[in-house]
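Taking it in order: structure first as structure tokens, then the write-up.
The values are calculated or read from the model by the stated rules, or taken from the named source; none is laboratory data. Just so it is clear, the model here is predicted, and its values are computed rather than measured. Methodologically, a virtual Cβ is constructed for each residue, glycine included, from the backbone with ideal geometry; neighbour enumeration extends over all protein chains shown. When the accessible area is computed, the model is the full protein with side chains, heavy atoms only, and any ligands, DNA or RNA have been set aside. Shrake-Rupley method; radii C 1.70, N 1.55, O 1.52, S 1.80 Å.
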Amino acid sequence: MLTAIRDIGAKVLGDSDDQLLDSLTIDIELRDKEKTGFEQLIIIVKFDTTSHSISFESRKLREDSPKRFLWVGNASGPSSFQWLATTNNLGFLCSQTLPSLYDRLHDKSPLKQKIRCIINNCFTSFSEDIGKRYRNIWDLDKLGIKENFDPLELEKFLREESKKKNVKFKEQKLVAEVAKIIDQYIRKQLFLDKNDEIVLYTIKIDDEFICNHADYKHLIYQDKVGEIFEESKEAICSVCGIKQTSTPETKRMDFKYYNTDKISFSSGITGKFDKNYVLCEECYKGTLAGESYIKNHMGTRIGRFALYVIPDFLFGVELDSEQMAELSEQIVYSFNSAVTYDGLEKFLDKVDEFKELENLQDNYVLNLLFHDSGGASQQFKVLKLIKDVSPSRIREMRIATSRVHDVGNKLFGDSKAWAIELNKIYHLIPLRMRRNDILEPAKLLEVYDAIFSKNPVSKEFLIEKFVELASVYRLNRFNVYNTRAPKMDSDVAYDTNLVWAMLQANLCILYLAILDNLQGGEPMSTENLTLSDDLKEYIEVVKYGEQETAMFLLGYLVAEVARAQYKEGLSRKPILDKIAFQGMNKNKLVMLTTEIFEKLKQYKVLGYDNEKIFAQFKMLLHKNIGDWKLNDVMNVFYILSGYSYRTYQILTKSKTEVEEND
């Protein structure tokens, strides 16, 4: 994958250092104010070295703003001093940015002289007890931001507050309080709406942006490339294979190419990683540019999972930066067509535009890098790398989605809900969460890996998760799962969502069977069953065997009892409490059978049709009970499938009757 990233960087990179810096800038998603109701703004912080004053200006975020103001992110590493003049963190800007930048600039730099003037006249400090990183801050009193501002008084107050609350005093809290005061001042001075989003800040000194200054640009280049090679040695580059000056250092890179956390992963268990990977300067720059390009142009999501779609060219492909941009758009659109139904529609809308690049589809494979760059540290963490996915597999997934969608529309009526794709699978497989973090992402990512790689998916695992999803809806357990709670907090809403989910789960099994990820069992012939045509059609389409059909019919009858209970004002449908979501063995099935038959009679719904269905269920149960192959959880799944099928019929019939009466 490292070679693939270097190749992408080489295609978008020119010869000059400025082009490298441009390639390292980070795009910011533009949001439509008409939809969000707020502006995205960049705040220009203007220092005047003659009057020793400060002023602020706002500009609307534009597509080219990150390049215009050289937004390359903040200094990497949780313990690094922040020195970059364009940042998304006001706390950095009002404290450590200018002092840290001053320390980095060479003594003869004109920019350094101006920054010295600002530090000497526009900064103050907390006590000597505060570490260097947080000690120096803007003098809010002298700059006219807050009258009578005294940093020592603020420090004393926050220390006392921490003592009262019996919590450890944190130095960064001082800067956070100062930043809060400045933010309020800026919004008031510039008449900003409280919802307006300030996405970036950048510093201007005496009408010159720091980000435009040659000395500043040189520092960024040195930070990203120059310093890395100061102590490098001659070695064979791991990417191009040429023996030349190379480095094993990857700390400036965002992606993690090998484990440096444990000494056992180092070459010769020495603690040094100089033989794991080494890069020459050209490959190093190409990899940096490639990473930045991928982050800006090749990112997408499946549910909560963020990932990068990284093409790896199989043979020599000559592309300039413009062609690379077109190919990147096609790859992401094509991939997203397998992620969501909306993505499929968008891809089909643009398919004619992509025809010119069709000849390249057999010349690359895709690497899917699932990652987590969230959390407090904001450090990049690889969750899963799925290698060598053929573009033809994405096409197969699109076709499977369309086929299943057609089946669902025929069985249940037209709806996008029946289009099974990767995003639907994310919502059908419940994952436990703590706060905003998925606790066991590997479980679902292994399923995705199997789908892309055309490997078997465990049907037992899927059904176990589908039943767990049903329990989330039935038992209202949304607070610990990735499952979204219905907008309406009611028994009816929970039950309706359970019904839709179980119908989608059956279509998901069909989707995976079409993709050859599931080996289907032996479907039964419905020819001799005394059932309605619609029931026969459903059983045949989803390829149920005799045991699945028996449980399905039992679930159908559960729905008939539940319907009767609902009509009597029991919206919770207590018959569903007889279904044990942890699984039901044969003894429990026999008990449930007796219970259902008694309830059908009690509620006077054991008419001709239901009696016929009960007879078919009993016939299939008795025929197979001696050689029962479904496990306890599968029994529950197919009962819930029958319940959901019949309940959906009841719901849609009721809706149609209401519309006709209207």
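Each distinct pair of alpha carbons in the chain adds a 1/r term; the inverse of their mean, the Kirkwood radius, is 29.5 Å. Once the chain from L348 to K387 is taken as fully extended at 0.36 nm per residue, the excess over their C-alpha distance is 11.5 nm. Element breakdown for region 586-638 at a 1.4 angstrom probe: carbon and sulfur atoms account for 55% of the accessible area.
Where Lys and Arg each count +1 and Asp and Glu each count -1, what net charge lies around N423 among other residues with Cβ under 13 Å from its Cβ? Summing Lys and Arg as +1 and Asp and Glu as -1 gives +3.
Remark: the Cα gyration tensor places region 104-163 in the oblate category, a/c being 1.5 or greater and a/b not exceeding b/c. Partner lysines whose Cα lies under 20 Å from the Cα of K387, excluding those fewer than 8 positions away in the same chain, are identified as K256, K295, K443, K454.
Relative to the longest principal axis of the Cα atoms of the chain, helix 391-412 runs at roughly 40 degrees. Beyond a 23 Å Cα-Cα separation, which of these cross-linked pairs lie in this structure: K33/K217; K60/K194; K11/K204? Over 23 Å apart, Cα to Cα: K33/K217; K11/K204.
Across the chain, the relative contact order, built from alpha-carbon pairs under 8 Å that are at least six residues apart, equals 11 percent.
Here the Debye sum runs over all C-alpha atoms of region 480-542 as equal scatterers in vacuum, and log10 of I(q)/I(0) at q = 0.17, 0.29, 0.30 Å⁻¹ comes out as -0.80, -1.18, -1.22. For region 110-173, the fraction of 1.4 Å probe accessible surface lying on carbon and sulfur atoms is 45 percent. The simple spin-label model puts a point 7 Å past each Cα toward its Cβ; for E227 and T36 those points are separated by 3.2 nm. Its Kirkwood hydrodynamic radius, worked out from the mean inverse distance over all distinct Cα pairs, puts region 318-385 at 14.0 Å. The accessible surface of region 349-489, taken with every protein chain in place and a 1.4 Å probe, is 44 percent carbon and sulfur. The distance separating the Cα centre of region 546-616 from that of region 114-128 comes to 78 Å.
Please report the net charge: other residues with Cβ closer than 11 Å to the Cβ of V239, K and R +1, D and E -1.
Result for the local shell: -1.
Report the normalised scattering of region 59-133 as log10 I(q)/I(0) at q = 0.27 Å⁻¹, calculated by the Debye formula with identical scatterers on the alpha carbons. Relative scattering, expressed as log10 I(q)/I(0), comes to -1.32. Full extension of the chain between K355 and S402 yields a length gain of 14.8 nm, computed as 0.36 nm times the residue separation minus the alpha carbon distance. Measuring between alpha carbons in the structure, the pairs from K350/K543; K543/K629; K465/K588; K114/K188 lying more than 24 angstrom apart are K350/K543; K114/K188. Normalise the Debye intensity by I(0) for region 1-99, one equal point scatterer per Cα, no solvent, then take log10 at q = 0.12, 0.20 Å⁻¹ and round to two decimals. Debye output, listed in q order: -0.57, -1.17.
Once the Cα atoms are used to define both axes, helix 2-12 deviates from the longest principal axis of the chain by about 60 degrees. The Rg/Rh ratio for region 387-511, using Cα coordinates for both the radius of gyration and the Kirkwood hydrodynamic radius, is 0.98. Cross-link partners for K132 among the aspartates and glutamates, with Cα-Cα distance under 19 Å and sequence neighbours closer than 8 places in the same chain left out: D103, D150, E153, E155, E171, E177. Largest first, the extents of the alpha carbon coordinates of region 375-435 on the three principal axes equal 49, 32, 14 Å. Sort region 64-213 into rounded, prolate or oblate with this rule: let a ≥ b ≥ c be the square roots of the eigenvalues of the Cα gyration tensor; rounded if a/c is under 1.5, and if a/c is not under 1.5, prolate when a/b is larger than b/c, oblate otherwise. Prolate is the answer for region 64-213, as a/c is 1.5 or above and a/b outweighs b/c.
The angle separating the long axis of helix 586-602 from the principal Cα axis of greatest extent in the chain is about 70 degrees.
Take every Cα pair under 8 Å in region 343-433 that's 6+ residues apart, average their separations, divide by the length, and report that relative contact order as a whole percent.
18
Working from Cα pairs under 8 Å separated by at least six residues, relative contact order for region 382-505 is 25 percent.
Suppose R0 equals 60 Å; then what is the FRET efficiency for D533 and L314 from their Cβ-Cβ distance, rounded to the nearest 0.05? Approximately 0.75, to the nearest 0.05. For K355, the lysines whose Cα falls under 18 Å of its own Cα, not counting residues fewer than eight places away in the same chain, are K346.
Using the rule -39500 (n - 2.57) for each DSSP H run of four or more residues, divided by the residues of the chain, the 222 nm mean residue ellipticity is -15500 deg cm²/dmol. By the gyration tensor of its Cα atoms, with a ≥ b ≥ c the square roots of the eigenvalues, what is the shape of region 281-427: rounded for a/c under 1.5, prolate for a/b over b/c, or oblate? Cα axes put region 281-427 in the oblate bin. Calculated accessible area for the chain comes out at 50 Å² per residue, all protein chains present (probe 1.4 Å; ligands, DNA, RNA ignored). Based on alpha carbons, the Rg and Dmax found for region 503-656 are 15.1, 46 Å.
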